[in-house]
C-alpha cells in the first residue's frame with residue numbers, strides 16, 4: 001500500500017519563490033519519470049519528515065499533485081549540512097509492474113570475531129544498488145559479520161545468493177572488512193629517525209656574512 005504524500009505544483013527557478021516556500025514550512029521538490037513530465041512541486045516539511053520516520057525513505061509514495069495521484073519513490077534528498085533541515089527532494093514516478101534501480105541501506109548485524117580480537121571494522125560502502133519492483137523494495141539489507149576475522153572482508157559475492165533481490169554491483173564490491181589492530185610501535189617514530197632529524201639540524205650551514213666595502 002502506497003504512503004500518501006500531499007504536494008502542490010510550484011514555479012521553477014524562482015529564488016524568491018523558493019525562499020517563500022521554505023519560510024512557509026514547505027520543501028521544494030521535483031517529480032519526474034513514468035508518464036509524467038518533470039514537474040516542480042512542494043511538500044509540507046513537517047508531514048514529510050514524519051513519513052520518513054514512520055515508513056522509511058524507500059517506501060512507495062502516492063504523491064497527490066494538485067489532486068492527481070502519482071506513484072513515486074524518493075530518488076534524492078538534500079539536507080542543510082549545518083541545520084539538518086530538508087532543502088530539496090527528487091521523486092521518481094514509477095511503473096509498479098516494472099523493476100527500477102535503487103540504492104538500499106546496509107545494516108550490519110552480529111559481533112565480529114576480528115573486532116573482539118582488537119581489529120577495526122571498516123565499511124567502505126553503506127548501500128547496495130538493487131534492481132527491484134517498486135512494491136518489493138526492502139527497507140534495508142542485513143549483512144551478518146559474526147564470522148568476520150582480522151584481515152577478512154565481506155563483498156557482494158558473499159551475500160548475492162543470500163538475498164532475494166538482484167544486486168547491481170560487481171562481486172568484488174566490498175561491504176565490510178576488519179583491519180588489524182595498530183600497535184604502539186607503529187604509532188611512535190623510531191629513535192633513528194629522531195637522530196637523523198637532530199643531525200640534520202646541527203649540520204645546517206651558517207649564513208654567509210655580508211661583506212662591507
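The values are calculated or read from the model by the stated rules, or taken from the named source; none is laboratory data. None of these values were measured; they are calculated from a predicted model. For neighbour counting, all protein chains shown are included, and Cβ atoms are generated from backbone atoms with ideal geometry for every residue, glycine included.
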Residue match in region 17-24 (condition: surrounded by 14 or more Cβ atoms within 10 Å (Cβ to Cβ) and at pLDDT 85 or above): no
The one condition in (1) surrounded by 19 or more Cβ atoms within 10 Å (Cβ to Cβ); (2) out of contact with any strand residue (DSSP E or B) (no Cβ under 7 Å at 6 or more places or on another chain) that residue 94 fails to fulfil: (2)
Only one of 109, 65, 132, 70 that is closer than 23 Å to residue 174 by Cα, surrounded by 15 or more Cβ atoms within 10 Å (Cβ to Cβ) and in contact (Cβ under 8 Å) with a residue 12 or more places away in the chain: 132
Residue that is out of contact with any helix residue (DSSP H, G or I) (no Cβ under 9 Å at 6 or more places or on another chain), within 23 Å of residue 138 (Cβ to Cβ) and surrounded by fewer than 14 Cβ atoms within 10 Å (Cβ to Cβ), where the choices are 46, 53: 53
Which listed residue is on the phi < 0 side of the Ramachandran plot, assigned by TED's automatic domain parsing to the domain that holds residue 110 and out of contact with any strand residue (DSSP E or B) (no Cβ under 8 Å at 6 or more places or on another chain), from 142, 164: 164
Per-region count, region 161-197, residues in a loop (DSSP other than H, G, I, E, B), at pLDDT 95 or above and over 21 Å from residue 110 (Cβ atoms): 5
Hey, residue 131 modelled with pLDDT of 95 or more, in contact with a strand residue (DSSP E or B) (Cβ under 7 Å, 6 or more places away or on another chain) and part of a loop (DSSP other than H, G, I, E, B) or not: no
Any hit, region 120-127, residues being at negative phi, surrounded by 12 or more Cβ atoms within 10 Å (Cβ to Cβ) and free of Cβ contacts under 8 Å to residues at least 24 places away in the same chain: yes
Condition broken by residue 89, with the remaining ones in (1) modelled with pLDDT of 95 or more; (2) crowded, with 16+ Cβ neighbours inside 10 Å; (3) touching a helix residue (DSSP H, G or I) at 6+ places or on another chain (Cβ under 8 Å) satisfied: (1)
